[in-house]
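Trainee: Structure in structure tokens, see below.
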């Protein structure tokens, strides 16, 4: 179908379907056309805690809005309850938009929800979004790859469901194999992460950047070093969510800080 806002063909949002869409890292201008189209046509929008209010407000006035926030260390909606809700609405013939911060398939449990839809024979579409691990550093003036610094980048979750650092990470391999490391949701465990990286051979002076509220008007950035990053983060008192970049590209911020040039 054609859309009056965009002179391009867009998929028809059929009743009984679930669309899993990424809302991007926060700035509403980073929303994809596909996600915007879904918001305007959904009967039900089930959205996460990391989806900004300005994005949720783009939904059709007739749409039912369902908050399904999941935040580490806080009371959260259970994953099974979210999947059950998507299935129930779809079986009732509703057009259901499952809206997630960032990208639904990057630390977003989108795969879990899609598997539940498959088991329930519910048709679905996935609309990728800009993940925070790419969009956040870009807004801080940090390219996640640069030909003079790295040809590999690794994205790592900073905590498990119990708020511990993942126990299945091969720290020596990670430290030696990827020049640039980007940690999601890692502020609480930053000291343990830094200690593991230094024990595995990363230099104490390696640049580290912590990005708070990435891409939003109140974005704040802490520039530090691996050996002092945990203490510096405590002193900085940054708001969550945060994103942490470790590696040589973090040092490019001094020249590439386009958002707040010095």
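Trainee: Nearest 10 degrees, 0 to 90: what angle lies between the long axis of helix 110-119 and the longest principal axis of the chain (Cα atoms)?
Mentor: Around 30 degrees separate the two axes.
Trainee: Which one, 86, 190, 252, has the greatest fluctuation when you compute a Gaussian network model over the chain with C-alpha springs under 10 angstrom?
Mentor: 252
Trainee: Another question, then. In nm, to one decimal, how far is the residue 54 label point from the residue 92 one, both placed 7 Å along Cα→Cβ?
Mentor: About 3.2 nm separates the two model spin labels.
Trainee: May I pose another question? Given Cα pairs under 8 Å that are at least 6 residues apart, what percent is the relative contact order of segment 18-130?
Mentor: Answer for segment 18-130 is 42 percent.
Trainee: Assuming 0.36 nm per residue, please report the length gained on full extension of the stretch residue 62 to residue 81 beyond their Cα-Cα distance.
Mentor: Difference between extended and current length: 4.5 nm.
Trainee: Sticking with the crude label model, points 7 Å out along Cα→Cβ, report the distance from residue 236 to residue 119 in nm, one decimal please.
Mentor: In this crude label model, residue 236 to residue 119 measures out at 4.0 nm.
Trainee: So how far apart, in nm, are the two label points at residue 176 and residue 257 if each is 7 Å from Cα heading toward Cβ?
Mentor: Result: 3.6 nm between the two label points.
Trainee: Can you say what percent of the DSSP beta bridges in the chain, counting only those with both residues inside, are antiparallel? Round to 5.
Mentor: Of those bridges, close to 45 percent are antiparallel.
Trainee: Still on this structure, please answer the following. Counting only C-alpha contacts under 8 Å and six or more residues apart, can you give the relative contact order of the chain as a whole percent?
Mentor: Relative contact order here is 19 percent.
Trainee: Bin all alpha-carbon pair distances of segment 208-262 at 5 Å intervals from 0 and give each bin's fraction as a whole percent.
Mentor: In order of increasing distance, the bins hold 4, 19, 31, 26, 17, 3 percent.
Trainee: Among 90, 236, 138, determine the one that fluctuates most according to a GNM of the chain built with springs between C-alpha atoms less than 10 Å apart.
Mentor: Its mean-square fluctuation being the largest, the pick is 236.
Trainee: Also, I was wondering about something else. Running Debye on the chain with equal point scatterers at the Cα sites and no solvent, what base-10 log of I(q)/I(0) appears at q = 0.09, 0.10, 0.13 Å⁻¹?
Mentor: -0.44, -0.54, -0.86
Trainee: If a/c stays under 1.5 just call it rounded; otherwise compare a/b with b/c (prolate if a/b is bigger, oblate if not). Do that for segment 18-130, with a ≥ b ≥ c from the square roots of the Cα gyration tensor eigenvalues.
Mentor: rounded
Trainee: If you take all C-alpha pairs in segment 6-71, what percent of them are over 19 Å apart?
Mentor: Here the long-distance tail beyond 19 Å is 28 percent of all Cα pairs in segment 6-71.
Trainee: Work out how much length residue 195 to residue 40 would gain on full extension: take 0.36 nm times their residue separation and subtract the Cα-Cα distance, in nm to one decimal.
Mentor: The residue 195-residue 40 span can extend by a further 51.1 nm.
Trainee: Using only DSSP helix segments of four residues or longer, with each worth -39500 (n - 2.57), what per-residue ellipticity at 222 nm results for the chain after dividing by its residue count and rounding to 500?
Mentor: Per the formula, -7500 deg cm²/dmol.
Trainee: Something else about it: Would you compute the Debye intensity of segment 77-128 from its alpha-carbon atoms alone, equal scatterers and no solvent, and pass along log10 I(q)/I(0) at q = 0.12, 0.21, 0.26, 0.31 Å⁻¹ to two decimals?
Mentor: -0.23, -0.73, -1.13, -1.46
Trainee: Okay, next question. Out of every Cα-Cα pair in segment 144-262, what percent are more than 26 Å apart?
Mentor: The answer is 14 percent, as a whole percent.
Each reported figure results from applying straightforward, stated rules to the coordinates on display, with no laboratory input. Keep in mind it's a predicted model, so treat the numbers as computed, not measured. Positions of Cβ are backbone-derived with ideal geometry, glycine not excepted, and every protein chain shown enters the neighbour counts.
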